[in-house]
Amino acid sequence: MDRDQTSSSRDDSHQDGAPAFLWGLVGIMAVIELTLTAADAGMIGTPRWRWLAYGYGAFWQPLLSGELSPSFPGQVYSMFVTHAFLHGGLLHLLMNSVVILALGKMIAGRIGAGRTLLILLLAAIGGGVAFGMIATSTTPMIGASGAVFGLLGVWQAWDYRIRRRLQMPVRPLLSGIAALILVNALLYLYLQGGLAWEAHLGGWLVGVIAAATFARADMIATHRSGEPGD
């Protein structure tokens, strides 16, 4: 195997952990949530800090319709990104962080840090767009779930591509997508409508589109066999 083939066959599984830029993102989210959690407990500041953070950084659908006045110039635009850095508690933060670190590591190993960051950004924005277009809720939308589902969309689109190329059955992939839909439906019912499934859908669609455009990656099995990518 020549040097080019050896290089192309490397993936993130040979790294000891997630790249530093992913830890940096998770670290920012963690600092924000830990600060707000401490404020909730009366350890620092005031419990009002959380609602101040939500007021300035959460995604408010009524801002788009003009039913709510912005707290500062440009909030209508900034909330498409800032909502992803806010969470509803440590468990919410932990669930999103684990997926970002795990899937983000795999994806960055194939397409690099720059395009992975772009996917996270566009998926967060896409989640906000879908939520703004579909949701009718007046409650704030927070969390990095749109970005998380963007990574899931990329991963599943890549999986579909390699399965078709190697003439493998796509049923396991379709089962995985069906499972995602079922979990979202059950959580939506359990949380009595408190799940922003619209943001999940928007982020996932961005991931699928990214995998077909700027985030295309030849799957590692094909490279290892020495076959040219398409």
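Read the figures in this text as sums done on the coordinates, not as results from a lab. If you're wondering where the values come from, they're calculated on a predicted model, not measured in any experiment. Heads up, the Cβs are rebuilt from the backbone with ideal geometry, glycines too, and the neighbour counts pull from every protein chain shown.
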Task: Added length on full extension, which subtracts the Cα-Cα distance from 0.36 nm per residue, LEU101 to TYR56 - done: 13.5 nm
Task: Extreme residue, positive dipole direction of the chain, given options SER97, VAL170, VAL31 (C-beta unit charges) - done: VAL170
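Let me make sure I get this right: for the range 123-175, a, b and c are the square roots of the gyration tensor eigenvalues over alpha carbons, sorted descending. Under 1.5 in a/c it's rounded, otherwise prolate if a/b > b/c, else oblate. Which is it? Before the final figure, lay out the partial values.
Working: a/c = 3.73, a/b = 2.92, b/c = 1.28.
Note, shape of the range 123-175 comes out prolate.
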Task: Cα-based Rg of the chain normalised by 2.2 N^0.38 Å, two decimals - done: 1.11
Task: Helix axis angle, 90-111 relative to the chain longest principal axis, alpha carbon, degrees - done: 30 degrees
Open item on the list: Which one, LEU191, LEU117, LEU205, has the greatest fluctuation when you compute a Gaussian network model over the chain with C-alpha springs under 10 angstrom?
Closed with: LEU191
TODO: Can you tell me the 0 to 90 degree angle between the C-alpha axis of helix 20-40 and the longest principal axis of the chain, rounded to 10?
DONE: 20 degrees
Open item on the list: What does the C-alpha gyration tensor say about the overall shape of the range 26-155? Classify as rounded when a/c is under 1.5, otherwise prolate if a/b is larger than b/c, or oblate.
Closed with: oblate
TODO: Calculate how steeply helix 145-165 sits against the longest principal axis of the alpha-carbon atoms of the chain, using the helix alpha-carbon long axis, and give the answer as 0 to 90 degrees to the nearest 10.
DONE: 20 degrees
- [ ] Under 1.5 on a/c is rounded, so check that first for the range 98-230, then, if it is not, pick prolate when a/b is larger than b/c and oblate when it is not; a ≥ b ≥ c are the square roots of the alpha carbon gyration tensor eigenvalues.
- [x] prolate
TODO: About the Cα centre of the chain, how large is the charge dipole given +1 on each Lys and Arg Cβ and -1 on each Asp and Glu Cβ? Please answer in debye to the nearest 20.
DONE: 260 debye
- [ ] Could you check the simple spin-label distance between ILE177 and THR35, using points 7 Å along Cα→Cβ, in nm with one decimal?
- [x] 4.0 nm
Open item on the list: Can you show me the helix-derived [θ] at 222 nm for the chain, built from DSSP H runs with n ≥ 4 at -39,500 (n - 2.57) apiece and divided by the number of residues, rounded to the nearest 500.
Closed with: -22000 deg cm²/dmol
Task: Residues MET106, MET79, MET43, sorted so that the one with the fewest Cβ neighbours within 10 Å comes first - done: MET43, MET106, MET79
